[in-house]
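*Asks:* Below you'll find the structure I mean.
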Amino acid sequence: MMSLSRPEVIFTHESDLDGLVAGLLLQKLAKKLFNKTIPLEAYHYNYWKQRDLRERAAWVTDFAFEARMDQPEWVVIDHHTTETPPKNAALIHDINKSAGLLCYELCRENGIASPALDRLVHLNNVSDLFLENDPDFVIATDYANLVKIYQFWNLHTLIGGELENLINHPLLEVMAVKRRIEDPLGFEWSRKNIAEISPTIGLVDTIVGNTNIIVHQLLERKATKYDVLITLFKRANNLVIASFRSRNGEALKVAEKFQGGGHANAAGALMPKSIRNISDAMDYLRQVLAPKTNGTVPFNDMESLFASIEVKSK
């Protein structure tokens with residue numbers, strides 16, 4: 001059993017169910033070990049990469065291990081690929097398990113387990129690893145869609161920070177109806193509305209349905225000529241998020257051009273703050289991924305100019 005230092009804070013990924021499950025499980029574990037509720041902070045990839053890691057001791061989950069996390073009394077539990085070997089931090093890493101499952105294994109070692117958590121962690125693992133041959137794949141995607149629709153902190157508040165309250169939640173009925181009715185409609189719409197960003201990258205317009213499932217079906221059914229498909233989302237705070245999907249490991253490479261991250265075939269990134277709408281985001285994607293020969297920048301603000309320079313220099 002690994003000896004864990006008491007963290008000042010627990011960090012997790014804000015964008016999906018895996019981050020929610022993993023983060024709350026680590027809070028349970030810290031409460032059991034230290035009899036204290038440790039603060040939970042959740043970030044998108046871009047904000048996480050910009051955050052100053054000033055804490056003496058911390059636990060991190062669902063973020064790829066990197067050199068700046070390699071600090072004494074830091075524990076990182078993750079499943080994304082990394083090329084950084086730990087020298088000071090404790091790294092628990094397995095690319096074949098979700099972050100939630102890795103955290104739950106730690107919990108079980110310390111006497112934290114229940115049938116409800118068994119079920120939720122299994123469903124999270126199926127959805128996050130996209131195990132489409134698993135018998136629970138459909139219901140697992142409904143659970144995952146809860147975070148996509150209602151967002152991390154709203155859902156966290158709704159369940160009172162208790163993961164067990166997510167099992168058989170009434171909102172799952174809404175997800176099931178949306179899946180049955182909206183997904184087929186959304187697939188047909190999106191199939192006919194894909195804009196070219198570059199010869200190998202397409203931008204999918206989505207109007208209704210589970211975007212992840214729709215984009216996955218477009219790729220699996222070879223309903224598009226593009227190797228990578230991008231979808232854009234505008235949040236309430238006017239930030240624009242780009243999601244990248246592929247079948248042959250290209251999505252992460254594209255996301256990293258925008259300081260994003262994730263899995264080989266499913267990744268994401270935030271657009272610069274100056275980009276406030278989908279139309280500008282499309283222009284910016286084309287500028288970075290299919291730059292014009294004259295090198296002009298379609299935005300006159302300094303942030304976008306420097307973002308462009310930084311991205312092109314990578």
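The values are calculated or read from the model by the stated rules, or taken from the named source; none is laboratory data. Nothing here was measured: the structure is a model prediction, and the numbers come from that model. Cβ coordinates were reconstructed from backbone atoms using ideal geometry, including for glycine residues, and neighbour counts include every protein chain displayed. Remember, those area values only see protein heavy atoms, side chains included, never the ligands or the DNA or RNA. Shrake-Rupley method; radii C 1.70, N 1.55, O 1.52, S 1.80 Å.
*Asks:* Quick one: among Arg54, Arg180, Arg276, which has the greatest mean-square fluctuation in a GNM of the chain with alpha-carbon springs under 10 angstrom?
*Replies:* Arg54
*Asks:* When a/c reaches 1.5 or more, the comparison of a/b and b/c decides; with that in mind, is segment 1-133 rounded, prolate or oblate per its Cα gyration tensor?
*Replies:* Since a/c reaches 1.5 but b/c is at least a/b, the shape of segment 1-133 is classed as oblate.
*Asks:* With θ set to phi - 60°, apply the Karplus curve 6.51 cos²θ - 1.76 cosθ + 1.60 along segment 257-268 and write out the HN-Hα couplings as whole Hz, x wherever there is a Gly or Pro.
*Replies:* 5, 10, 6, x, x, x, 9, 4, 10, 8, 9, x
*Asks:* Using a probe of 1.4 angstrom, how much of the accessible area of the chain is carbon and sulfur, in percent?
*Replies:* Accessible surface attributable to carbon and sulfur in the chain totals 51 percent.
*Asks:* Accessible area per residue of segment 140-218 at 1.4 Å probe, in Å²?
*Replies:* Normalised by residue count, the accessible surface of segment 140-218 is 46 Å².
*Asks:* Could you check which residue among Asn110, Asn210, Asn237 shows the biggest mean-square fluctuation in a GNM of the chain with a 10 Å Cα cutoff?
*Replies:* Of the options given, Asn237 has the highest mean-square fluctuation.
*Asks:* If you don't mind, there's one more thing I want to ask. Length gain on complete extension for the stretch Arg119 to Asn96, per 0.36 nm per residue less the alpha carbon to alpha carbon distance?
*Replies:* Gain on extension, Arg119 to Asn96, equals 6.5 nm.
*Asks:* Can you return the aspartates and glutamates within cross-link range of Lys49? Criterion is Cα-Cα under 16 Å, with same-chain partners fewer than 8 residues away left out.
*Replies:* Glu14, Glu41, Asp62, Glu66, Asp70, Asp78, Glu256, Glu310
*Asks:* Magnitude of the Cβ-charge dipole of segment 127-278, K/R +1 and D/E -1, about the Cα centre, nearest 20 debye?
*Replies:* Its charge dipole is roughly 740 debye.
*Asks:* Calculate how steeply helix 115-128 sits against the longest principal axis of the alpha-carbon atoms of the chain, using the helix alpha-carbon long axis, and give the answer as 0 to 90 degrees to the nearest 10.
*Replies:* 30
*Asks:* Work out from phi, with θ = phi - 60° and the Karplus expression 6.51 cos²θ - 1.76 cosθ + 1.60, the ³J(HN,Hα) of each residue of segment 52-66, listed in order in whole Hz, and give x for Gly and Pro.
*Replies:* Using θ = phi - 60°, the values come out as 6, 8, 9, 6, 5, 9, 7, 10, 10, 9, 6, 10, 4, 5, 9 Hz.
*Asks:* Here is a follow-up. Roughly what angle does helix 302-312 make with the longest principal axis of the chain, taking Cα atoms, 0 to 90 degrees, to the nearest 10?
*Replies:* Value to nearest ten degrees: 80.
*Asks:* Sticking with this one: Of all DSSP beta bridges located in the chain, what percent are antiparallel, nearest 5?
*Replies:* 50
*Asks:* On to the next question. Multiply the residue separation of Ile181 and Val9 by 0.36 nm, subtract the distance between their alpha-carbon atoms, and state the gained length in nm to one decimal.
*Replies:* Taking Ile181 through Val9 to full extension adds about 57.8 nm, to one decimal.
*Asks:* Another question, then. Give me the number: length gained by fully extending Ala195 to Asn110, i.e. 0.36 nm times residue separation minus the C-alpha to C-alpha distance, one decimal in nm.
*Replies:* 25.5 nm
*Asks:* Which of Lys148/Lys178; Lys192/Lys273; Lys225/Lys253; Lys234/Lys273; Lys32/Lys97; Lys87/Lys253 have a Cα-Cα distance over 21 Å?
*Replies:* Lys192/Lys273; Lys32/Lys97; Lys87/Lys253
*Asks:* Divide by every residue of the chain the summed helix terms, -39500 (n - 2.57) for each DSSP H run of at least 4, and state the resulting mean residue ellipticity at 222 nm, rounded to the nearest 500 deg cm²/dmol.
*Replies:* Helix contribution divided over all residues of the chain: -12000 deg cm²/dmol.
*Asks:* Testing the spin-label approximation: label points 7 Å from Cα along Cα→Cβ at Tyr150 and Asn238. State their distance in nm.
*Replies:* Distance between the two pseudo-spin positions: 2.9 nm.
*Asks:* Between Glu162 and Lys49, what FRET efficiency comes out of the Förster formula 1/(1 + (r/R0)^6) with R0 = 22 Å and r the beta carbon distance, rounded to 0.05?
*Replies:* 0.15
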